[in-house]
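The values are calculated or read from the model by the stated rules, or taken from the named source; none is laboratory data. Just so you know, these numbers come straight off a predicted model, no measurement behind them. Note that we place each Cβ from the backbone using ideal geometry, even for glycine, and neighbour counts take in every protein chain shown. Note: areas computed on protein heavy atoms with side chains; ligands, DNA, RNA excluded. Shrake-Rupley method; radii C 1.70, N 1.55, O 1.52, S 1.80 Å.
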Amino acid sequence: MSVAVRPATPGDVEQIHAFVVELAEYERAADQVTGTVAMLGEALFGPHPDAEALIAEVDSHAAGFALFHGTFSTWECAPGLWLEDLYVPPRHRRAGAGAALLSALAHIAVERDCRRLEWHALDWNELALGFYERVGAERLSAWELHRLSREALHRVADGP
């Protein structure tokens with residue numbers, strides 16, 4: 001089995017969306033997927049893309065994806081990359097697709113002179129946590145994720 005990683009194309013959007021749904025099912029949150037194939041296509045390939053994606057292929061078949069976007073560190077005054085999702089279906093997990101995707105993304109970060117590549121992982125996902133530990137990722141447990149969604153986002157936008 002050979003693993004190849006390439007930039008996603010518009011023809012990959014349906015497959016990426018299917019992977020997103022699979023990932024949400026794995027993370028016990030399938031009901032939270034509200035985005036559509038069309039919305040994903042616009043976000044990745046519209047006139048003002050919000051994100052980028054990589055596709056891993058095993059023997060010329062899609063075997064996983066990584067979706068990422070830029071960040072900025074004020075402390076370092078330098079860009080970074082945020083890995084929103086990296087997913088490899090169980091049938092491809094021993095083929096090296098996850099490591100190939102992470103390596104390709106790290107290569108992009110280095111090429112773009114990024115100082116950081118960051119992401120979140122669920123605290124119960126021992127497979128992912130072990131993988132990230134093996135590649136040398138630092139776990140930043142002191143930082144708590146915060147989110148404003150829907151009603152709260154609008155309420156804050158409307159001001160005090």
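Does Glu52 qualify as being more than 21 Å from Glu111 (Cβ to Cβ) and not small (Gly, Ala, Ser)? So Glu52 does not fit the description; no.
Checking each residue in the range 129-151 for being within 20 Å of His69 (Cα to Cα) and surrounded by 13 or more Cβ atoms within 10 Å (Cβ to Cβ) picks out Tyr132, Ala137. Among the candidates His69, His48, the residue that is part of a strand (DSSP E or B) and either within 26 Å of Glu133 (Cα to Cα) or not small (Gly, Ala, Ser) (or both) is uniquely His69. For the range 25-43, the set of residues classified as of a type in the set (S, T, N, Q) and part of a loop (DSSP other than H, G, I, E, B) consists of Thr34, Thr36, listed by residue number. Quick one: which of Glu52, Glu76 is touching a Lys or Arg at 6+ places or on another chain (Cβ under 6 Å) and open to solvent by 70 Å² or more (accessible area, probe 1.4 Å)? Step by step, each of Glu52, Glu76 is checked, and only Glu76 is touching a Lys or Arg at 6+ places or on another chain (Cβ under 6 Å) and open to solvent by 70 Å² or more (accessible area, probe 1.4 Å).
If you go through the range 124-158 and pick out every residue that is in contact (Cβ under 8 Å) with a residue 40 or more places away in the chain and farther than 18 Å from Val88 by Cβ, you end up with 0. Ala121 falls short on exactly one of the conditions (1) touching a residue at least 60 places away in the same chain (Cβ under 8 Å); (2) aliphatic (A, V, I, L, M); (3) surrounded by 14 or more Cβ atoms within 10 Å (Cβ to Cβ); (4) part of a loop (DSSP other than H, G, I, E, B), and that condition is (1). Kindly provide the set of residues from the range 79-95 that are in contact (Cβ under 8 Å) with a residue 60 or more places away in the chain and touching a Phe, Trp or Tyr at 6+ places or on another chain (Cβ under 9 Å), ordered by number. Passing the criteria: Asp85, Tyr87, Pro89.
What single numbered condition from (1) under 22 Å from Leu23 (Cα atoms); (2) of a type outside the set (A, V, I, L, M); (3) in contact with an Asp or Glu (Cβ under 6 Å, 6 or more places away or on another chain) fails to hold for Gly130? Unmet for Gly130, out of (1) under 22 Å from Leu23 (Cα atoms); (2) of a type outside the set (A, V, I, L, M); (3) in contact with an Asp or Glu (Cβ under 6 Å, 6 or more places away or on another chain): (3).
For the range 85-113, a tally of residues being exposed (fewer than 15 other Cβ atoms within 10 Å of the Cβ) and either in contact with a strand residue (DSSP E or B) (Cβ under 8 Å, 6 or more places away or on another chain) or in a helix (DSSP H, G or I) (or both) returns 8. Candidates in the range 3-24 are the residues that are in contact with a helix residue (DSSP H, G or I) (Cβ under 6 Å, 6 or more places away or on another chain) and in a helix (DSSP H, G or I); of these, the one that is surrounded by the fewest Cβ atoms within 10 Å (Cβ to Cβ) is Pro10. Determine whether Glu57 is buried (at least 16 other Cβ atoms within 10 Å of the Cβ), among the charged types (D, E, K, R) and under 20 Å from Arg91 (Cβ atoms). When the stated conditions are applied, Glu57 passes them.
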